[in-house]
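Computed from the coordinates by the stated procedures, all read-outs in this text should not be read as laboratory data. The model shown is predicted, which means the values in this text are computed figures rather than measured ones. A quick note on method: Cβ atoms are made from the backbone with ideal geometry, for glycine too, and the neighbour counts reach across all protein chains shown.
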Amino acid sequence: MNQHRLLALPVLGESFLLQRDGKNILVDGGFSSSRLIRALQATNVDVNQLDIVVCTHADRDHAGGLKNLLGNSTVSVGEIWLPGEWGDSLRELLNDPKAVVDALVNEFREFEPPRLNDSPADSGDSDEVERQAYAIINSLREKRMKNYKHDVQFVEGEETGLSGLQWLQEIAGNTQQKDANLQDERHIQNRKAAENIFQNGINRIRYRQAKRRLDAIWAKIWIVAIHAAAIIRGIALQAIESNVRVRWFDFDRFVQNGYHPVGGVADLLTPLNAVEIPMPPTPASDLRYFVRLTPVNERSLAFLSTQAAGLCPTDIVFTGDSPLGYGVGYKMSFLARRTQRGLAIVTAPHHGSESNAVAYTHIRSCWQDLLWLRSGGTRKHPGATFKKIPTHLRACTHCPQKGKALDLAEVQLSDRLWPVLRVRSHYCDCEA
Ligand SMILES: [Zn+2]
Ligand SMILES: [Zn+2]
Ligand SMILES: [Zn+2]
């Protein structure tokens, strides 16, 4: 009997590990690499062999922990799967991070913020205003598709990820030289210098916000974009230095492709809302950096691990922060083309946030949901829809509104009789 495991790791932010068919697949890495590595070691996972590491989007609670993972000497990564839209700024980020940060700060200075409708006075939180701000950025990104150059084609069956790494090496030029000690030292200095550049950019945004009393929401979004820039650059640099194969998954190409996902590894891990491309396309030059760099949850990548054999094949759905749909209220499902109905274990979309509640409907139109696995988020997570799930069908690494301590949530899977052998976690206490 084959046993598989799905783990929600006890880290701040979100990180899942799937062990299936002898492979270790890590989806996102929480905020911090050291915490992630400790969590992996505590579960007796052979961190010397992470076959696939996936990054769903550049938000810190998902991608921060991947920044120093590839370069860590105790970890060996087979390949890393990244959002294709990162290619929009990587050439500049690798070669001249200061220019990117300066451009971002200048954009903030020149930015004329569109009017946002205040949330109802009684709600007292800024969620709705923030959602509107992100919707504006998302619509600007959508315009990107109109003049998006079709200069790369996915070759089906291409599975090596070598072209993705080669592309990174090419655009990074000669900045990567790791042989001589002197160059190593210079390299460490370069890294520290880059960190200072990003921190300096954040300080300048805070200063401008204080000075000009610009909307706090927009300042927050700009700071998130700078954090994303640091993460994107950091992960790309480590992929180059560690010679890790890189595979690119593009959300816009998925939309252009009539919402048909393409690529990944059949029967192991495939995208639900992306098309794999051998290397990112050349971005439209008029695209502003805050549009290129702001991680928008609607564009978070989602993945599917299907189990082909066994009496009770069970799919694992990694939703990331995606609502799994598009259009008004995301009501048009990305999964509409999937007809077969099977069993699935699903990661709670956007930490169980009510903003992505429609994703539960999309999932349930394709699968019988056996279990929802939730992690990360803040005290406003999870929302009413997650809390309505019967308690025996959900598990949490921690229950934010109950202040429960972080703990591993583990699902043991079998390919016989009934797929879920055992769920090991503390009792999910997320209640209204
Ligand atoms: Zn996010
Ligand atoms: Zn998130
Ligand atoms: Zn809970």
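Charges were assigned to the Cβ only: +1 to each Lys and Arg, -1 to each Asp and Glu. The resulting dipole of the range 10-135 about its Cα centre is roughly 680 debye. Neighbours of ILE231 by Cβ distance under 10 Å: Lys/Arg scored +1, Asp/Glu scored -1, total +2. Between the amide H of ASP250 and those of GLY84, VAL275, GLU276, ILE277, distances stay under 5 Å, these residues lying 5 or more places away or on another chain, with hydrogens modeled in the peptide plane.
Considering only beta bridges that DSSP places wholly inside the chain, some 55 percent are antiparallel.
Fewest first, what order do GLU128, GLU110 take by the number of other Cβ atoms within 10 Å? Walk me through the intermediate numbers first.
Values: GLU128 15, GLU110 8.
Result, fewest neighbours first: GLU110, GLU128.
Its relative contact order, with pairs defined as Cα atoms under 8 Å and 6+ residues apart, puts the chain at 18 percent. Karplus-derived 3J(HN,Hα) values for the range 194-209, using 6.51 cos²θ - 1.76 cosθ + 1.60 with θ = phi - 60°, are 5, 4, 5, 4, 5, 4, 4, x, 4, 4, 5, 5, 4, 5, 5, 4 Hz; glycine and proline are entered as x.
Restricting to DSSP H runs of at least four residues, report the calculated mean residue ellipticity at 222 nm for the chain, -39500 (n - 2.57) per run over all residues, nearest 500 deg cm²/dmol. Working shown, then result.
Working: 12 runs with 148 residues, N = 432.
So the calculated ellipticity at 222 nm is -10500 deg cm²/dmol.
For the chain, taking Cα atoms only, Rg and Dmax work out to 20.9, 65 Å respectively. Remark: relative contact order (the range 203-300) = 27 percent; criterion is Cα-Cα distance under 8 angstrom and separation of 6 or more residues. Picking from ILE240, ASN196, ALA210, whose Cα lies most toward the positive end of the charge dipole for the chain (charges on Cβ: Lys, Arg +1; Asp, Glu -1)? So the residue furthest toward the plus end is ALA210.
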